[in-house]
Amino acid sequence: MSCLLFVIRNVSPFDFYYIYLINHVCGINNAIFSGKSETMPKLYLLLFILIGISIEGNAQKSKRRPTGFTSSQWYVGITSGISKLQPKVLDHHTEIDGWASEDLESKAYAPNDQPMGYQLGLVTHFSPIRFLQISINPSYARQRWGYRTQYSWENAEEPVYAFEMEYQHQYTLHYLQLPLTAKYVFLPRRWKPFVQVGIQYQRTMDATKTLISSGTDHTSGTAIALAQETQSIKATPLFNKHQLAAKAGGGIYYHFTGCMVGIEANYYYGLGNIVDDQQRYAATRDFQGLGNVLDDLRLVGQEVSFQLVFPMKYLTKSFSPVVL
Amino acid sequence: MNQHQNLGKYLIGIWIILLTACASEEELIEPKESFTRLYETQEFTDQYEPLSIVQTSDSGYLTLSRTEQWKTHLFKTDEEGITEWVQVMEEPFVHPLPQLFPQDSGFWMFSMNELSQSLEVFAINALSGNTENVQTVSSVKYPLAIHRTADNQWIVLGYNRDTQSSTLHLFTQNFVEVWNQSFEIQEDVEEYVINHIAGIGSPLPFFIGTNGNNVYFNGFYNYSFSLVFANLSDGAFFGTMHGYRDESTISALYPLGSQQYALAQNNFGNGAVLPNATIQERTIGFGGDLPTIAYNEIDENARVLIKEINHLGQEIILYGTHTKRRQLVFYAYSKESGELISINYLGQTNPYRMGDFMQTEDGGLAVVSETYLAGKFSRLAFFKLSQKEFATWF
């Protein structure tokens, strides 16, 4: 973030270079970043070295610093990636009220039960200056997550004559996403490592629920496994139509002459509850099984995506793209 | 460069507009307005037959059910359907009649004394869960149905096994008998009556009510399970709508005005409704002649309830029952025109049996029913629909 602040405050890269030198030579980085530096000296050192190298490289070319048409670039391309998200419970809700025990039902959101999702989209990066990129990445995304609920009943007179049921509730949500990210590019050369932060608006397009029920019947005295059953049902009304998420991460580009490829990894943090509390009960009235009423949930997790983008600004004389 | 910076600003602008567009203001449904509750006991053998639901002074709900075939089961929830107390009345007080009547400090509840077969009157304080046996009415044996008249008197249907007759009794507010009448039964129906009381097999649709100066009851009379009309002033017989044994009967009746009734019928296992029937109380007719509309989806011997609902000034006759698929079903008819407005179902996948329903203080709908958890265990289920959800039915 501090890198971005420098850009926003119009501190020139050379000023930054001097700060780096002061830090590096005199070891008084606390003077500038007091409070944070104690916990993050390594990170800053790495940051400064990267920036230092990049500025050093550019300083050689400073005499022919681009202006006008060649001072910015615009890229358009495609992205695709995968995600693994974990639901975090904000508030518990259930349709089951126990007369026998206080906490009959608990939903288990085991990390192993959370399958991969994916996203596919278009992307446009705009670089107003060589160190900054603002990106918009309209995508289609499929996010998947789920939980399990278990129940058991015992015959008070003959406890061995029990009955057990397990329900696996799997949700698949389809979104149109619109992330807006700001990247700080360390090395505006062929290899371009970057860090980024962003905020993402997403609109729920569709949601389905798959219920896998299984059980064991001991009522005859011997354990009989019940045949596993799978049912799918539409669950779109259960979720908030408009959702927000924050992202932070980093990646690296490689700039070929006519295109640029990149890979990035982000931490995904859902901003708020994805479940529509107005529909929690109404939308699950017709669901089969037990434990259908959803908790208030926030999704957090990781995303990895790949991209292929093409520069949009070319120099007409040589028909070569503007390279920042 | 300026051109491109403008483009960047333009993109950010679009994004901000999209964000603000999602912040729309709507009227919010609070948790108490819409919920589903399943009351789990973890007992293998529990069996519940919900009979009545009423709203209490603290906006909670009091539910009356039968359990263990004929025992009285009461439970009170808060406004979100969370249980506050549960109570099973010990014998000899069994066979609760399927209504709870509001009174100053709670509700009246009626059941039978297993030993004397007399009518027992209970006062229930819904908030504390205190139940008090305030009176025993010995003149009524095998009580089958009760109704509170417009002037707060009690009209009761009983059965007299000595004379093999249905008995009709009018009591004052304080259970002083005003008159009683007997309606002779020509067949031996004791087994049917006892089974109904003991909760063996399907319950029979006994009911009693008044329409102006007429009292009507559904019970055994002459050779069949019939709808009988009498004079509210003295119990004198007016007329009857005969059924066929206990296989073709009226299953619910709601008075709409002079000689006008909304009714439901059970015809040899198939349901039928007639939202606006003209019945001459002083004639002898046959229920099979009524021009009912067949609703074969209604379950055999299903409990059918007919209630009047007021939706934004519109008077609606709402039928509630369950189907052969064990879904709860509601048929909404216009009271004025008798036209069908809508058919609505609750519970598409798990099995449900109708208990009772009511329009709540907030204009929503509360429904208590029996369901089977995991398809095996009989439990009580409570659906609450908000006014907004309920309004989509009309």
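Read-outs throughout are calculated quantities, based only on the coordinates presented, and are distinct from any laboratory measurement. None of these values were measured; they are calculated from a predicted model. We place every Cβ from the backbone using ideal geometry, glycine too, and count neighbours over all the protein chains shown.
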Distance in Å, no decimals, from the C-alpha centre of region B:95-167 to the one of region B:192-219 is 13
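Neighbouring Cβ atoms within 10 Å as the yardstick, rank B:M109, A:M116, B:M358 fewest first.
Least to most surrounded, the residues fall as A:M116, B:M358, B:M109.
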B:N160: net charge of surrounding residues, Cβ under 12 Å, Lys/Arg +1, Asp/Glu -1, itself excluded? -1
Radius 12 Å from Cβ of B:V189, net charge of other residues (Lys, Arg +1; Asp, Glu -1): -4
Listing A:W145, A:W191 by rising number of other beta-carbon atoms within 10 angstrom, fewest first, gives A:W191, A:W145
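Of B:K32/B:K335; A:K183/A:K241; A:K209/B:K71, which ones are farther than 31 Å apart at the Cα?
A:K209/B:K71
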For region A:202-312, calculate the relative contact order in percent as a whole number, restricting contacts to Cα pairs under 8 Å that are 6 or more residues apart. 25
Within straight cross-link reach of A:K107, meaning Cα distance under 14 Å, which aspartates and glutamates are found once same-chain residues fewer than 8 apart are removed? A:D91, A:E95, A:E166, A:D295, A:D296
Can you tell me the FRET efficiency between A:I78 and A:I212 if r is taken as the Cβ-Cβ distance and R0 is 35 Å, rounded to the nearest 0.05? 0.50
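Where nothing but the Cβ of Lys and Arg (+1) and of Asp and Glu (-1) is charged, how large is the charge dipole of region A:96-165 around its Cα centre, in debye to the nearest 20?
So the magnitude is around 1140 debye.
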Compute the helix-to-body angle for B:2-22: its Cα long axis versus the longest principal axis of chain B, expressed 0 to 90° and rounded to tens. 10
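Note down the net charge around B:L385, summing +1 for each Lys or Arg and -1 for each Asp or Glu among other residues with Cβ under 11 Å from its Cβ. Intermediate values should be presented prior to the final figure.
On the way: positive: A:R285, B:K384, B:K388; negative: B:E33, B:D362, B:E389.
With Lys, Arg at +1 and Asp, Glu at -1, the net is 0.
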Peptide B:32-38 - average C-beta neighbours from other chains (10 Å radius): 6
Set of aspartates and glutamates with alpha-carbon distance to A:K84 below 13 Å, sequence-local pairs under 8 removed: A:D113, A:E303
Arrange the following residues from fewest to most other Cβ atoms within 10 Å of their Cβ: A:R189, B:R245. B:R245, A:R189
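For B:Q103 and A:A223, FRET efficiency with R0 = 60 Å and r from the beta-carbon atoms, rounded to 0.05?
Values: r = 53 Å, r/R0 = 0.88.
Computed FRET efficiency for A:A223 and B:Q103 comes out at 0.70.
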